[in-house]
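Here the structure comes first, spelled out in C-alpha cells, and everything after it is commentary.
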Amino acid sequence: MDVVRRAEVITVFTGAGMSAESGVATFRDVETGLWERFDPTQIATPQAWASDPGLVWAWYQWRARVVHAAAPNPGHNALAHLERTHSVLIATQNVDDLHERAGSSTVSHLHGSLFAPRCSNCGRPYHGVDAQPEHAVHELRVEPPACPTCLSPIRPGVVWFGEGLPDDAWRSAESAFTFADVVLVVGTSGGVYPAAALPERAAARGIPVIEFNPEPSALSAMASHSIRTPAGISLPALVDALDSAA
Ligand code: APR
Ligand code: ZN
C-alpha cells in the first residue's frame, strides 16, 4: 500500500457495493409490502415519470426514507478518516448520502442524489418539507410538489438511464481524476458509462488503480491491485495499515 501512503491526492470511485454493508434498512411495515412488488427498473425511468409521476415520486420518497434510516458503514468511515492525512476526492455513482454522513467532505454524485429534488422544468432545487425523508407518506401515489417558481412538478434529483450526467458533478469528478496520485475503485461492476470512463482514463495515464471488490469487475483488468474482500473490512484495514506506518 505504499502507493497510497505516498499519495497526496486519493481519488475514490464508488458504486453500490460501497453501501452494501450499510444494510439499507427496509421498513418492517405495510410500506415494505407496498413497494416490494415494483421493479425499480420500471419505476426509475423517464417513461415512468412521464406516465405516472405520482407513483415515481412516492417510490423515490420511500427510497430516501430507507436510506435515511441506514447508517454509514466502516468503509464509509474509513474513507472519511483518510482525510486526516490525505486529500480524498470521492466520485460516487450512488445516490445515497452515506459518504457525507460519514464525514467525507468532497463528494461528486455522478448519478445524482435522492436528497436533491429539483424542478422538472426550471431546474430550481427544491427544499420543501414534503421532500424531506422524515415526511413519511404511506401512499402508493403522492402527487409531486409544485415548483414555487414555475409551478411545474418537482422531480427526483437522480439521473435516469438515457439522461445526461449533471455538469457540475461531472466536472468535479473529472478534476478529481486529473489530480489523482492513486485511484481506489470500490464496490462497482464498472460497466456503466460515462462514469466508468473516469477510472479507465486515469489508468491509461499510468495512475495506479486499486480495486476493492469481493468479485472481479469490468475494471479489474486495469487495477494494479484487487482486494477481494468487502469494503467494510478492506478499507478500515487499509487505514489501519497507513496509520501504523505513519
Ligand atoms: N464491498 C465491495 N464491493 C461490493 C460489496 C462490498 N461489501 N458488495 C458488493 N460489491 C460489489 C459487487 O461485486 C459488484 O461488482 O459491488 C458491485 C455492485 O455493482 P452494481 O450493482 O452494478 O452497482 P454499480 O456498479 O454501482 O452500478 C453502476 O448502474 O444501476 C446503475 O445508475 C446505477 O449507479 C448505478 C450504476
Ligand atoms: Zn420550476
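The values are calculated or read from the model by the stated rules, or taken from the named source; none is laboratory data. As the structure is a computational prediction, the values presented were derived from the model and not from experiment. When we count neighbours, we look across all protein chains shown, and the Cβ atoms used for this are built from the backbone with ideal geometry, even at glycine. Calculation scope for accessible area: heavy atoms of the full protein, side chains included, ligands and nucleic acids excluded. Shrake-Rupley method; radii C 1.70, N 1.55, O 1.52, S 1.80 Å.
Which residue pairs have Cβ atoms under 7 Å apart, sit 6 or more places apart or on different chains, and have a first residue in the range 117-143 that is over 18 Å from Arg65 (Cα atoms) and a second that is open to solvent by 50 Å² or more (accessible area, probe 1.4 Å)?
Within 7 Å, the pairs are Cys119/Thr149; Ser120/Pro153; Cys122/Thr149; Arg124/Arg118; Arg124/Thr149; Pro125/Arg118.
In the set Thr11, Thr92, Thr45, which member is out of contact with any helix residue (DSSP H, G or I) (no Cβ under 7 Å at 6 or more places or on another chain), in contact (Cβ under 8 Å) with a residue 12 or more places away in the chain and open to solvent by less than 40 Å² (accessible area, probe 1.4 Å)?
So the residue among Thr11, Thr92, Thr45 that is out of contact with any helix residue (DSSP H, G or I) (no Cβ under 7 Å at 6 or more places or on another chain), in contact (Cβ under 8 Å) with a residue 12 or more places away in the chain and open to solvent by less than 40 Å² (accessible area, probe 1.4 Å) is Thr45.
Given the conditions (1) surrounded by 16 or more Cβ atoms within 10 Å (Cβ to Cβ); (2) more than 25 Å from Leu198 (Cβ to Cβ); (3) within 16 Å of ligand 2 (Cβ to nearest atom), report the number of the one that His127 does not fulfil.
(1)
Ser104 fails exactly one of the following numbered conditions: (1) free of Cβ contacts under 8 Å to residues at least 40 places away in the same chain; (2) over 17 Å from Val186 (Cα atoms); (3) open to solvent by less than 40 Å² (accessible area, probe 1.4 Å). What is the number of that condition?
Among (1) free of Cβ contacts under 8 Å to residues at least 40 places away in the same chain; (2) over 17 Å from Val186 (Cα atoms); (3) open to solvent by less than 40 Å² (accessible area, probe 1.4 Å), the lone unmet condition for Ser104 is (2).
Being in a loop (DSSP other than H, G, I, E, B) and either open to solvent by 40 Å² or more (accessible area, probe 1.4 Å) or within 15 Å of Met18 (Cβ to Cβ) (or both) narrows it down to one of Asn77, Asn121, so name that one.
One residue alone meets the criteria, Asn121.
Can you name every residue in the range 107-116 that is of a type in the set (A, V, I, L, M) and touching a residue at least 60 places away in the same chain (Cβ under 8 Å)?
Hit for the range 107-116 is Leu110, nothing else.
Restricting attention to the range 142-161, which residues are open to solvent by 50 Å² or more (accessible area, probe 1.4 Å) and either modelled with pLDDT under 95 or closer than 19 Å to Leu114 by Cα (or both)?
Glu143, Ala146, Pro153, Phe161
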